[in-house]
1. Show me, for the stretch 112-126, the HN-Hα J-couplings you get by feeding each phi into the Karplus relation (A = 6.51, B = -1.76, C = 1.60, θ = phi - 60°), rounded to Hz, glycine and proline as x.
2. Just the number: Rg to Rh for the stretch 2-206, Cα atoms, Kirkwood Rh, two decimals.
3. Among residues other than Glu63 whose Cβ falls under 10 Å from its Cβ, what is the net charge (Lys/Arg +1, Asp/Glu -1)?
4. Go through the stretch 78-94 residue by residue and turn each phi into a ³J(HN,Hα) via Karplus (6.51, -1.76, 1.60, θ = phi - 60°); whole Hz please, and just put x for glycine and proline.
5. For His165, enumerate residues with amide H under 5 Å from its amide H, sequence gap 5+ or separate chain, H modeled in the peptide plane.
6. What does the net charge come to around Lys206 if you take all other residues with beta carbon closer than 14 Å to its beta carbon, with K and R at +1 and D and E at -1?
7. DSSP loop chymotrypsin sites (Phe, Trp or Tyr not before Pro) in the stretch 21-106 with at most 15 other Cβ atoms within 10 Å of their Cβ, which ones?
8. Under unit Cβ charges (Lys, Arg +1; Asp, Glu -1), what dipole magnitude, rounded to 20 debye, does the chain have relative to its Cα centre?
Amino acid sequence: MLYRFYQQHIFPHVLNHVMQTPSLIQQRERLVAPIRGQVLEIGFGTGLNLPFYQQVDTVYALEPNAAVYALAANRVHESAIAVQHIQARAEKLPFADNSIDHIVSTWTLCSIENLPQALNELHRVLKPAGTLHVLEHVQYHDQPQLKYLQNLLTPLQKRLADGCHLNRNIEQALKQAHFGFNELHYFDAAGVVKIARRMLFARAVKIAK
Ligand SMILES: C[S@@+](CC[C@H](N)C(=O)[O-])C[C@H]1O[C@@H](n2cnc3c(N)ncnc32)[C@H](O)[C@@H]1O
C-alpha cells in the first residue's frame, strides 16, 4: 500500500523535478526543435518537451501512467499544439503500419518493460521515410566499474523509478530492431548522478526487415 502511494503521489513529482535538470532541458530543445508535422511521443511524461516543438501541429502523447500525465495538464493547456493523450504502452501501439512521420523518445526506452517488443512496434508504425528521435541515459561502454554498478543497482532503480533500467545498451537494441542511424553521439550530462550520466542522442531510420 505504501509503495502504491509512493508510485501514484510521490514519484510523479520527483520525475517532473528531476527531468527538468538544465542540461537535460538544453538537449530536449536540440532534439525536438527541428521536427515538423505530426509526432508520436512515447512516454510523454509531464510534457517537458512540449515547449520546444517549434514546427509541430499535433503531438500524440502516449503515456500509460495517468498520475504522471496529470502533471502535464498546464503545459498542454498553454501550448498552441494539439495534444492528444493516448493511454497505452509502447509495446502495443494503436496506430496503423507505416503511418507516423516522427517518433520521439526522451528517457523512456529505459523504462519500457519489454523493449524488443516496443521497438518492433515503433518500427511497424514509423513511415519508411520517418525518423525516430532518441535521447536516453544508457549503459557505460568504456567504464567497467560504472557499468558493474549500473548492473548492480538496476533492480533497486527499477523499484524506485517505475521500471527504469540503468544498464540498457540502447544503440545495440535499436540496431537489433532494424534501425540505422542518421546521427548518433554520446555525452555526459552535467548535474546528473554519475551512474545515470552517460546519454545517447540519436536520430534513427528504419531498415527493411
Ligand atoms: C523517465 S520518464 C521520462 C518522461 C518523459 N519522456 C521525459 O522526457 O521527461 C519515463 C516515462 O516512460 C513511461 N513509460 C513507462 N513504461 C512505458 C511503456 N511501456 N510505454 C510507454 N511509456 C512508458 C513512464 O510512465 C514515464 O512517463
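1. With the stated coefficients, the stretch 112-126 comes to 6, 5, 10, 5, x, 5, 5, 5, 4, 5, 4, 4, 5, 8, 5 Hz.
2. Numbers: Rg = 16.0 Å, Rh = 17.2 Å.
Reported Rg/Rh, Kirkwood definition of Rh: 0.93.
3. Numbers: positive: Arg89; negative: Glu41.
Net local charge, Glu63 excluded: 0.
4. Once rounded to whole Hz, the list reads 7, 7, 7, 8, 6, 10, 10, 6, 10, 8, 8, 9, 5, 5, 9, 8, x.
5. Hits under the 5 Å cutoff: Ser111.
6. Numbers: positive: Arg124, Lys127, Lys175, Arg203, Lys209; negative: Asp97, Asp101, Glu121.
Counting the neighbours of Lys206, the net charge comes to +2.
7. Working: sites: Phe44, Phe52, Tyr53, Tyr60, Tyr69, Phe95; in loops: Phe44, Tyr53, Phe95.
Filter output for the stretch 21-106: empty list.
8. Values: 20 positive and 16 negative charges, 80 e Å.
It works out to roughly 380 debye.
The values are calculated or read from the model by the stated rules, or taken from the named source; none is laboratory data. Being a predicted model, the structure only gives us computed values, none of them experimental. All Cβ positions, even for glycine, are placed from backbone atoms using ideal geometry, and neighbour counts span all protein chains on display. We work out accessible area using only protein heavy atoms, side chains counted, and drop any ligands, DNA or RNA first. Shrake-Rupley method; radii C 1.70, N 1.55, O 1.52, S 1.80 Å.
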